[in-house]
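Just below is one structure, and these are the notes that go with it.
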Amino acid sequence: MSSNMDQKKVSFILTTYNCIQYFQETIASIWAQDYPAIEIVVKDGQSTDGTKELIASYARELGNKLIWKSSADRGIYDAMNQGYQMSQGDIIVFFNDVLVHKSVVSHMVQAIEAGGDDCIGAHADLIYADGDKVVRYWRMGKGKIRQGWMPGHPTLYLKREVYEEFGLYDASYQCSADYEFMVRALTGREQQLAYVPEMIVRMFYGGTSTQGLRNYFVSLREAHRALKSNGVRGALLADLRR
């Protein structure tokens, strides 16, 4: 790991709206990290459940390590873009889940540094969990987007230069702007992304309600749109392999 003088700053960008319990778990897991050069950026969508007051209390304790605002936005992807504009880190993580141990950030930064100048970031494995119940262990491995592979977005640590080159999230997508961004920024560059073969994230798992099923089908349609709009050959085959 680099010395304290030249450590890369990692920006965790959190978006919140009336999800105080999940938010508390997320920020506690970031706060517990043993990597010192972290800033937490929170974009709140004018929550009314006490989240704003909780963020303010964290800000008083963390000082300049936490940057936040609460204002109207056009949904989660617009909020993520606003959060990015507030951030200053060298490495960017969009995150609303839970880090599973205190050395996650250290391991991810080490992997990026070990990859050299050509390395654009790193990703790892994640756990889908419904409360305390594990639904699935997702081992991402390495692969190619045109073959249906994709890193897990909550595990993705990317250098800021990637966003500067490829832009931010397309807020016209309802469910899949994160997927579209990864298709846009990572296709053909998959080998420049380091892989850390360990479970680093416990991801909050949604149920199979009618709304959840609707979102599932919307996400399938939007994923196909993302592949086509970014010129990925064999988009239908990639859809099927996903």
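What does the C-alpha gyration tensor say about the overall shape of region 107-185? Classify as rounded when a/c is under 1.5, otherwise prolate if a/b is larger than b/c, or oblate.
Details: a/c = 1.80, a/b = 1.16, b/c = 1.55.
Because a/c hits 1.5 or more and a/b fails to exceed b/c, region 107-185 counts as oblate.
What does the convex hull of the Cα atoms of region 70-206 come to per residue, in Å³, rounded to a whole number? Please list the in-between numbers first.
Values: hull volume 17.4 nm³, N = 137.
Cα-based convex hull of region 70-206, divided per residue, equals 127 Å³.
Working with all protein chains in place, sort GLU164, GLU113, GLU180 by solvent-accessible area computed with a 1.4 Å probe, largest first. Mind showing how you got there, number by number?
Values: GLU164 130, GLU113 70, GLU180 10 Å².
Greatest to least solvent exposure: GLU164, GLU113, GLU180.
I need the shape label for region 13-142. Rule: rounded when a/c is under 1.5, else prolate if a/b > b/c, else oblate, with a, b, c from the alpha carbon gyration tensor. Walk me through the numbers on the way to the answer.
Values: a/c = 1.68, a/b = 1.34, b/c = 1.25.
It comes out prolate by the Cα gyration axes.
Sort 168-175, 75-82 by packing, meaning the average of other beta carbons within 10 Å per residue, with the highest value first.
On the way: 168-175: 16.9, 75-82: 20.4.
Going by the mean number of other Cβ atoms within 10 Å, highest first, we get 75-82, 168-175.
Label LYS142 and ARG60 with points 7 Å out from Cα along Cα→Cβ: what is the distance between them in nm?
In this crude spin-label approximation the distance works out to 4.9 nm.
Taking 0.36 nm per residue of sequence separation and subtracting the Cα-Cα distance, how much length would be gained by fully extending the chain between ALA28 and GLN46, in nm to one decimal?
Values: separation 18, 0.36 × 18 = 6.48 nm, distance 2.11 nm.
That works out to 4.4 nm of additional length.
Compute the length gained on full extension between ASN18 and ASP118: take 0.36 nm times their separation in residues and subtract their Cα-Cα distance, giving the result in nm to one decimal. Don't skip to the end; give the middle numbers.
Working: separation 100, 0.36 × 100 = 36.00 nm, distance 3.98 nm.
Once the chain is fully extended between ASN18 and ASP118, it gains 32.0 nm.
Given the Cα-Cα distance of VAL134 and SER106 and 0.36 nm per residue of separation, how much length would full extension add, in nm? Write out the running numbers ahead of the final one.
Working: separation 28, 0.36 × 28 = 10.08 nm, distance 2.47 nm.
So the chain would gain 7.6 nm between VAL134 and SER106.
With each pseudo-label sitting 7 Å past Cα toward Cβ, what's the THR187-GLU165 distance in nm, one decimal?
Between THR187 and GLU165, the label points sit 1.6 nm apart.
List the residues, sorted by chain then number, that are 5 or more residues from TRP68 or on another chain and whose placed amide H is less than 5 Å from its amide H.
Those qualifying (amide H under 5 Å, at least 5 residues apart or on another chain) are VAL42.
For region 25-92, just say rounded, prolate or oblate: build the C-alpha gyration tensor, square-root its eigenvalues into a ≥ b ≥ c, call rounded for a/c under 1.5, and beyond that prolate if a/b exceeds b/c, oblate if not. Let's see the in-between values first.
Numbers: a/c = 1.96, a/b = 1.24, b/c = 1.58.
Oblate is the answer for region 25-92, as a/c is 1.5 or above yet b/c matches or exceeds a/b.
The values are calculated or read from the model by the stated rules, or taken from the named source; none is laboratory data. This is a predicted model, so every value here is computed, not measured. Every residue, glycine as well, gets a Cβ built from its backbone with ideal geometry; the counts of neighbours run over all protein chains shown. Remember, those area values only see protein heavy atoms, side chains included, never the ligands or the DNA or RNA. Shrake-Rupley method; radii C 1.70, N 1.55, O 1.52, S 1.80 Å.
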